[in-house]
Amino acid sequence: MLPLNAKITQITEESPAVRTFFFDPRFEDLEPGQFVMVWIRGVDEIPMGLSRNNSITVQNVGEATSKLFELKEGDSFGLRGPFGKGFTLPVKGDKILIIAGGVGAAPLSPYAEAAFAAGAEVHTILGARSAGDLLFEGRFEALGNIYVSTDDGSKGVKGFVTDVLKGLDVAAYDRIAVCGPEIMMSSVFRLLEERKALEKAEFSLHRYFKCGIGVCGACCIDQSGLRVCKDGPVFSGVQLIGSELGKYSRDASGRRVKI
Amino acid sequence: MYTLTGLKLKNPTILAAGVLGTTGASLCRVAREGGAGAVVTKSIGPAPKTGHSNPSMVRLDCGFLNAMGLPNPSYPGFLQELVFAKKNSSVPVIASIFGGNPAEFAEVAEGLLPSNPDAFELNVSCPHAEGYGAAVGSNPCLVEAVTAAVKDVVNVPVWVKLTPNVADITSIGTAAESGGADAVVAINTVKGMVIDIESGYPVLGNRSGGLSGKAVKPVAVKCVYDLYTALEIPVIGVGGVSSWEDAVEMMMAGAAAVQVGSAVYDRVDIFSEIGAGIETFLERKGYSNIKKIIGLAHEMV
Ligand SMILES: Cc1cc2nc3c(=O)[nH]c(=O)nc-3n(C[C@H](O)[C@H](O)[C@H](O)COP(=O)(O)OP(=O)(O)OC[C@H]3O[C@@H](n4cnc5c(N)ncnc54)[C@H](O)[C@@H]3O)c2cc1C
Ligand SMILES: Cc1cc2nc3c(=O)[nH]c(=O)nc-3n(C[C@H](O)[C@H](O)[C@H](O)COP(=O)(O)O)c2cc1C
Ligand code: FES
């Protein structure tokens, strides 16, 4: 498919460096956890998780994202997707734990809402650098228990999401969904591995995407060779055993870069 | 078992260059789970390249358009991937390489030799990398020189991958043969472009790129047909193969084996499916072996 034209209907400032861009059209059959390729014309095309079926939530980190931040309501960008495999929806009566760090909360928020709508009990651990960076706190809070951690202690537990996770009974949950910075995900991975909970856990990975549709091979992970853009971005904990997670990734040229 | 330029293949389907070939693990997955008879790596050059900016590939109704821009970690960076693929894939691994001149081609080939690739494929055909690829591959003298330069430094088979974006592909094929090529591979992508009518911007980051998939199959079949007539060495057919029927057609045009690229979009195990389909076809039609269909169309007059 060629990029479709997405018109920005609303922009919300979530924190100084994070904005949500609502757009038209909306993806009615979104699988929460899926991503889109956002084309800022004349600049670059970058992957973004969907934070609703008609929004992306973007952290300004570089060239393309800062160009995106220059756009206003009524402007438009190109959009391909939704692509990839999302999180597994729980069934009625399941108890699920969401573990979100930083903008990792973006793809997890529609998942938490879909899980709640499916009749699951939804608990969330939400982590960020400081209180002002907590993303979608209200959306998660509306669904059930929420545990907050901040690196600087300005809200909730001072420390990381793993510090909260250590105090929870992992065995009580039927599913665990994780997205955030890779360092955070790999510490969560190790903790869940120790507690033999990888089978019910899912992680949403980030790798450098070129094609976004499973052909070029830029985003493949070791040792499985699975494609993050097509076989993921959401992988079960079991698929990631012995993988490169937390160790290295590859840059645009394919060179290994230490995490 | 099936022999191609001395390599032993369990079936005549090969992963095309630049598709799922960035990492050793990915090449192994295509070999094991995908069932490919052999795999070709991403094209590797003398220095790291990040490639063109995105969008670098889009799907069209009739196929795919891409301008990756030869992203690669350079031969020193790729060695460990090739070593992994050689160790774990259990099929022949062909190193695709590129350079701007004969010396660079030879440098990259020699640089990858320690990982023992089973053959080299020379990319003289990428349509959208300035100074590389088709810039080399549309000049018969340069193609012959590049082929000879690599043949000089390696003692494994050398395949030369041709571009269809020339007036006469057989003159380039002949040049490769004169340079000592063990096979030619045809075709690389066909120049193409798409424009976003909402904004007027060309869609690809590189503005234009190369067409692959369904749309290019008839172009590939014709190129293979002509090369089969013109050359003594085997022709490997690539371009738009996504089913065993496509593979049989390519072989009837003269292909000794086929490569599959874009069709991994549908499923990674496309290779075993094509391999099995060819076998069943040969049985059903009573052909004693695959050689009976290679170039068959040339006899039907
Ligand atoms: C599946 C997936 C979902 C994502 N979801 C979100 C999200 O919801 N919100 C959000 O803010 N960010 C998300 N990201 C990260 C986002 O894609 C990068 O922050 C963005 O590409 C940066 O582009 P830039 O030009 O501004 O930065 P640059 O200056 O180009 O680089 C900054 C960083 O961004 C990374 N990056 C650049 N281009 C790409 C690319 N084509 N593919 C992957 N990474 C790239 C680089 O590796 C680098 O580390 C997601 C990434 C992936 C793979
Ligand atoms: C994403 C992509 C990347 C490619 N990269 C290379 C490359 O690095 N070297 C090369 O010789 N050919 C490259 N090609 C061309 C393919 O190997 C093949 O010749 C072409 O796509 C036609 O085959 P297909 O229709 O089966 O894809 C690439 C093609 C695609 C789609
Ligand atoms: S980005 Fe091309 S295969 Fe994933």
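The values are calculated or read from the model by the stated rules, or taken from the named source; none is laboratory data. The shown structure was predicted, so the numbers you read here are calculated from the model rather than taken from an experiment. As a convention, Cβ positions derive from the backbone with ideal geometry for all residues, glycine included, and neighbour counts pool all protein chains shown. Protein only, heavy atoms only, side chains kept; ligands, DNA and RNA dropped before computing areas. Shrake-Rupley method; radii C 1.70, N 1.55, O 1.52, S 1.80 Å.
Under the condition of being of a type in the set (Val, Ile, Thr) and surrounded by 21 or more Cβ atoms within 10 Å (Cβ to Cβ), which residue from segment B:80-133 is farthest from ligand 2 (Cβ to nearest atom)?
Here the answer is B:91.
Pairs, please: C-beta under 7 Å, at least 6 apart or cross-chain, first residue closer than 11 Å to residue B:65 by Cα and in segment B:205-219, second part of a helix (DSSP H, G or I) and within 16 Å of ligand 3 (Cβ to nearest atom)?
Note: pairs meeting the criteria are B:212/B:262; B:213/B:262.
With segment B:32-90 as the region, which strands (runs of 3 or more DSSP E) entirely inside it contain at least 2 residues that are facing another protein chain (nearest Cβ under 8 Å)?
Here the list reads B:57-60, B:63-66.
Return only the number of the condition from (1) touching a residue at least 60 places away in the same chain (Cβ under 8 Å); (2) within 22 Å of residue B:66 (Cα to Cα); (3) crowded, with 24+ Cβ neighbours inside 10 Å; (4) more than 14 Å from every other protein chain (Cβ to nearest Cβ) that residue B:251 does not satisfy.
(2)
Filter segment A:220-238 down to the residues that are closer than 16 Å to residue B:23 by Cβ and open to solvent by 10 Å² or more (accessible area, probe 1.4 Å) and list them by number.
The answer is A:223, A:224, A:226, A:227, A:230, A:231.
Per-residue answers, yes or no, for (1) touching a helix residue (DSSP H, G or I) at 6+ places or on another chain (Cβ under 9 Å); (2) over 25 Å from residue A:195 (Cβ atoms); (3) modelled with pLDDT of 95 or more; (4) open to solvent by 50 Å² or more (accessible area, probe 1.4 Å):
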site: A:113; (1), (2), (3), (4): yes, yes, yes, yes
site: A:117; (1), (2), (3), (4): no, yes, yes, yes
site: A:142; (1), (2), (3), (4): yes, yes, yes, yes
site: A:149; (1), (2), (3), (4): yes, no, yes, no
site: A:162; (1), (2), (3), (4): yes, no, yes, no
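If we scan segment A:215-232, do we find a residue that is within 13 Å of ligand 1 (Cβ to nearest atom) and more than 23 Å from residue A:104 (Cβ to Cβ)?
yes
Which of (1) at the interface with chain A (Cβ under 10 Å from one of its Cβ atoms); (2) within 24 Å of residue B:254 (Cβ to Cβ); (3) open to solvent by 20 Å² or more (accessible area, probe 1.4 Å); (4) not acidic (Asp, Glu) is the odd one out, the single condition residue B:3 does not satisfy?
Failing condition for residue B:3: (1).
Could you tell me which residue of segment B:35-53 is farthest from residue A:249 (Cα to Cα), considering only residues that are crowded, with 24+ Cβ neighbours inside 10 Å and more than 10 Å from ligand 2 (Cβ to nearest atom)? Give the steps one after another, and end with the answer.
To start, the set of residues in segment B:35-53 that are crowded, with 24+ Cβ neighbours inside 10 Å comprises B:36-45.
Next, from what is left, pick out any that are more than 10 Å from ligand 2 (Cβ to nearest atom): B:36-39.
Values: B:36: 26, B:37: 29, B:38: 26, B:39: 23 Å.
Looking at the filtered set, the residue picked out is B:37.
Out of (1) within 11 Å of ligand 1 (Cβ to nearest atom); (2) at positive phi, what's the single condition that is false for residue A:246?
(1)
Any residue at all in segment B:246-254 that's in contact with a Phe, Trp or Tyr (Cβ under 9 Å, 6 or more places away or on another chain) and not hydrophobic (A, V, I, L, M, F, W, C)?
yes
In this structure, does residue A:80 turn out to be of a type outside the set (A, V, I, L, M), within 18 Å of the chain's Cα centre (by Cα) and within 14 Å of another protein chain (Cβ to nearest Cβ)?
yes
Within segment B:203-214, how many residues turn out to be open to solvent by less than 40 Å² (accessible area, probe 1.4 Å) and either facing another protein chain (nearest Cβ under 10 Å) or among the small types (Gly, Ala, Ser) (or both)?
7
Could you tell me whether residue A:104 is surrounded by fewer than 17 Cβ atoms within 10 Å (Cβ to Cβ) and either touching a Pro at 6+ places or on another chain (Cβ under 9 Å) or part of a helix (DSSP H, G or I) (or both)? Spell out how you get there, then give the answer.
Details: surrounded by fewer than 17 Cβ atoms within 10 Å (Cβ to Cβ): no; either touching a Pro at 6+ places or on another chain (Cβ under 9 Å) or part of a helix (DSSP H, G or I) (or both): yes.
No, not satisfied.
Give me the pairs, please: first residue somewhere in segment A:188-216 and within 28 Å of residue A:96 (Cβ to Cβ) and more than 14 Å from chain B (Cβ to nearest Cβ), second residue anywhere and buried (at least 24 other Cβ atoms within 10 Å of the Cβ) and of a type in the set (Phe, Trp, Tyr), beta-carbon distance under 6 Å, and either six or more positions apart or on two chains.
A:202/A:87
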